[in-house]
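Enquirer: If you scroll down you'll find the structure; I have some questions about it.
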Amino acid sequence: MYNSRIIGLGKYLPDNVVTNDDLSKLMDTNDEWIQERTGIKERRWIKKGSEDTSAVMGAKAARIAIERAGLTKDDIDFIVFATLSPDYYFPGCGVQIQEMLDMKTVGALDVRNQCSGFVYALSVADQFIKTGMYKNVLVIGSEYHSNGLDVTTRGRGVSVIFGDGAGACVLSREEDNTKGILSTHLHSEGKYADKLIVASPSIGNWVPEIIASKGEDISYFPYMDGTFVFKNAVVRFSEVITEGLTKNNLAKEDIDLFIPHQANLRISQFVQRRFGLNDNQVFNNIMKYGNTTAASIIIALTEAWEQGRVKEGDTVVLAAFGSGFTWGSAIIRW
Ligand code: UT7
């Protein structure tokens with residue numbers, strides 16, 4: 001059995017910076033509230049009229065990851081694309097990547113696991129490599145949130161949090177079983193699906209019904225029971241990190257870098273305290289980019305690597321929690 005190792009990383013963030021002060025011109029909010037509750041100072045939102053979409057941003061990040069891996073698009077055997085904001089209801093963004101990168105007719109799979117999307121996508125890619133079926137798998141997380149948010153005071157509890165962006169990596173066959181992705185751990189609890197949801201359009205509530213409601217039906221905007229999600233997040237983060245450490249006979253002191261899904265700086269800090277990690281052991285960039293859902297971990301991992309924060313032999317822990325509920329972790333020996 002093989003192992004899998006990340007050999008190339010890339011990210012793409014749209015240029016357009018939206019500060020908390022910018023948001024306070026759209027809705028009743030302020031920089032102090034947003035920073036105090038979430039840690040976010042600014043986020044990137046695609047400018048109207050830009051060519052960027054989830055697939056386009058994913059393709060931009062993917063090209064960088066493939067080049068940094070020292071490969072070409074023809075070396076890629078499979079695509080896994082994680083997003084909750086696909087360009088189309090169907091088909092998924094994965095097939096768009098195959099077209100945009102002018103790739104061979106390799107398989108393409110979309111993962112619909114929201115904030116845990118990247119960890120799930122990485123796990124799927126890891127299994128394909130471990131079984132020997134594929135050698136190089138392109139894994140992408142990308143989100144275009146800004147066009148789907150309620151940017152009025154009504155939606156302020158959600159819309160100030162989310163940002164746009166994409167990250168990608170190439171996961172490749174590794175003969176040395178002590179290196180690469182050591183294990184992944186995935187969970188779900190569907191009874192809380194309605195606590196963080198975009199309910200429409202759905203087959204049961206399609207576009208004509210929404211139009212007929214003349215603005216009464218706003219179920220196409222994200223809804224979140226923030227406090228409930230927060231309370232569950234801190235518990236599940238802790239559980240799934242412990243699960244990963246235990247599986248690999250590791251102690252919390254062995255963690256060289258913990259990269260949490262960037263949901264809320266307060267959640268990351270709570271988990272940091274819970275595991276007694278110092279600031280050098282944790283990487284956060286939610287301050288600059290907000291919560292980019294399935295893209296957040298891979299953007300952060302790429303940025304950490306670019307800054308020299310991830311070194312050969314390091315133990316890197318990824319963990320995520322979000323809509324579904326779904327949560328997961330990945331333990332990596334770099
Ligand atoms: O990534 C997926 C997983 N997501 C998460 O893990 C997010 C988890 N939840 C959270 O991060 C936090 O719950 C939020 C940041 C979403 C909200 O923070 P909170 O401390 O739970 O605030 P709250 O929702 O309890 O709201 C407190 C007050 C309310 O006013 P009243 O009822 O106390 O008068 C809100 O109306 O803050 C008000 N509020 C705002 N005020 C200014 C809500 N949003 C805003 C805003 N600006 N943007």
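Enquirer: Run down the lysines and flag those whose C-alpha is under 27 Å from the C-alpha of residue 195, throwing out any fewer than 8 positions away in its chain.
Expert: 41, 214, 231, 288
Enquirer: Pairs of Cα atoms under 8 Å, at least six residues apart: use those to get the relative contact order of segment 3-177, whole percent. Let's see the in-between values first.
Expert: Details: 379 pairs, mean separation 61.7, N = 175.
Relative contact order, segment 3-177: 35 percent.
Enquirer: With a/c under 1.5 counting as rounded, go ahead and sort segment 3-177 into rounded, prolate or oblate using the C-alpha gyration tensor (a ≥ b ≥ c being the square roots of the eigenvalues; past the cut-off, prolate if a/b is larger than b/c, else oblate). Please list the in-between numbers first.
Expert: Values: a/c = 2.43, a/b = 2.08, b/c = 1.17.
Prolate.
Enquirer: Sticking with this structure for a sec: Once the Cβ-Cβ distance between residue 26 and residue 99 is put in as r, and R0 is 30 Å, what FRET efficiency do you end up with, to the nearest 0.05? Mind showing how you got there, number by number?
Expert: Values: r = 35 Å, r/R0 = 1.17.
Efficiency computed from Cβ-Cβ geometry: 0.30.
Enquirer: Do you know the relative contact order of the chain, to the nearest whole percent, from alpha carbon pairs under 8 angstrom that are 6+ apart?
Expert: Working: 800 pairs, mean separation 86.3, N = 334.
Once divided by the residue count of the chain, the mean separation gives 26 percent.
Enquirer: Please work out the FRET efficiency for the pair residue 224 and residue 1, using the Cβ-Cβ distance as r and a Förster radius of 35 Å; give the result to the nearest 0.05. Display every interim value, and only then the final one.
Expert: On the way: r = 40 Å, r/R0 = 1.15.
Rounded to the nearest 0.05, the efficiency is 0.30.
Enquirer: Here's another thing I want to ask about it. Report, in debye and to the nearest 20, how large the dipole of the chain comes out about its Cα centre when Lys and Arg carry +1 and Asp and Glu carry -1 on their Cβ. Walk me through the numbers before you get to the answer.
Expert: On the way: 35 positive and 41 negative charges, 83 e Å.
Magnitude of the dipole: close to 400 debye.
Enquirer: Which order do the peptides 206-215, 302-311, 161-170 take when ranked by the mean count of other beta-carbon atoms within 10 Å per residue, highest first? Show your work: numbers first, answer last.
Expert: On the way: 206-215: 10.8, 302-311: 16.8, 161-170: 28.9.
So the peptides 206-215, 302-311, 161-170, ranked by packing, come out 161-170, 302-311, 206-215.
Enquirer: Okay, next question. What lysines sit close enough to residue 247 to cross-link, taking a C-alpha to C-alpha distance under 24 Å and skipping anything fewer than 8 places away on the same chain?
Expert: 130, 179, 311
Enquirer: What percentage of the solvent-accessible surface of segment 280-334, computed with a 1.4 Å probe over protein heavy atoms, is contributed by carbon and sulfur atoms? Don't skip to the end; give the middle numbers.
Expert: Numbers: 600 of 1290 Å².
The computed percentage sits at 47.
Enquirer: May I pose another question? What's the center-to-center distance, using Cα atoms, between segment 212-260 and segment 303-334 in Å?
Expert: About 14 Å separates the Cα centre of segment 212-260 from the one of segment 303-334.
Enquirer: Using only helices, what value at 222 nm comes out for the chain when you add -39,500 (n - 2.57) per DSSP H run of length 4 or more and divide by the total residues, to the nearest 500 deg cm²/dmol? Spell out each step's value before the answer.
Expert: Values: 11 runs with 107 residues, N = 334.
My calculation for the chain gives -9500 deg cm²/dmol from helical runs alone.
Enquirer: What order do you get for 280-286, 91-97, 75-81 when each peptide is scored by the mean count of other beta carbon atoms within 10 Å, highest first? Working shown, then result.
Expert: On the way: 280-286: 18.6, 91-97: 21.9, 75-81: 23.9.
Per-residue mean Cβ counts within 10 Å order the peptides as 75-81, 91-97, 280-286.
Enquirer: What is the list of residues in segment 255-273 whose amide nitrogen lies under 13 Å from a point 7 angstrom out from the Cα of residue 311, following Cα to Cβ?
Expert: Answer for segment 255-273: 256-257.
Enquirer: Computing the accessible area with a 1.4 Å probe over protein heavy atoms, can you report the carbon and sulfur percentage for segment 3-177? Provide the component values of the computation, followed by the final result.
Expert: Details: 3520 of 7290 Å².
In segment 3-177, the share of accessible area belonging to carbon and sulfur is 48 percent.
Enquirer: Please get the size of the charge dipole for segment 181-333, origin at its Cα centre, with Cβ charges of +1 on Lys and Arg and -1 on Asp and Glu, quoted in debye to the nearest 20.
Expert: Working: 14 positive and 16 negative charges, 54 e Å.
About 260 debye.
Enquirer: Something else: What number comes out for accessible area per residue over the chain if the probe is 1.4 Å? Units Å², please. Mind showing how you got there, number by number?
Expert: Working: 14310 Å² over 334 residues.
Computed with neighbouring chains in place, this is 43 Å² per residue.
Enquirer: Right, something else. Straight-line reach from residue 191: which aspartates and glutamates have a Cα under 19 Å away, not including same-chain ones fewer than 8 places off?
Expert: 225, 239
Enquirer: Further question: Please report the antiparallel percentage of DSSP beta bridges with both residues in the chain, rounded to the nearest 5. Write out the running numbers ahead of the final one.
Expert: Details: 39 of 55 bridges.
Looking only at bridges with both residues in the chain, the antiparallel portion is about 70 percent.
Enquirer: Another question, then. Let's see if you can work this out: charge +1 on each Lys and Arg Cβ, -1 on each Asp and Glu Cβ, no other charges. What is the dipole magnitude of segment 80-130 about its Cα centre, in debye to the nearest 20? List each step's numbers first, then the result.
Expert: Values: 3 positive and 5 negative charges, 37 e Å.
Charge dipole of segment 80-130: 180 debye, to the nearest 20.
Enquirer: Also, I was wondering about something else. Going 7 Å from the Cα of residue 250 toward and past its Cβ, which residues in segment 283-320 have a backbone nitrogen under 15 Å from where you end up?
Expert: The answer is 283, 301, 310-320, whose backbone nitrogens lie closer than 15 Å to the label point.
Enquirer: Just going by the charge dipole of the chain, with Lys and Arg at +1 and Asp and Glu at -1 on Cβ, which of 278, 132, 149 is farthest out on the positive end?
Expert: 278
Enquirer: Can I ask one more? For residue 179 and residue 63 in the same chain, what is the full-extension length gain: residue separation times 0.36 nm, less their Cα-Cα distance, in nm?
Expert: Details: separation 116, 0.36 × 116 = 41.76 nm, distance 2.46 nm.
39.3 nm is the gain from fully extending residue 179 to residue 63.
The values are calculated or read from the model by the stated rules, or taken from the named source; none is laboratory data. Since the structure is predicted, the reported quantities are computational estimates derived from the model, not experimental observations. For neighbour counting, all protein chains shown are included, and Cβ atoms are generated from backbone atoms with ideal geometry for every residue, glycine included. Please note that ligands, DNA and RNA were not included when accessible areas were found on the heavy atoms of the full protein model with its side chains. Shrake-Rupley method; radii C 1.70, N 1.55, O 1.52, S 1.80 Å.
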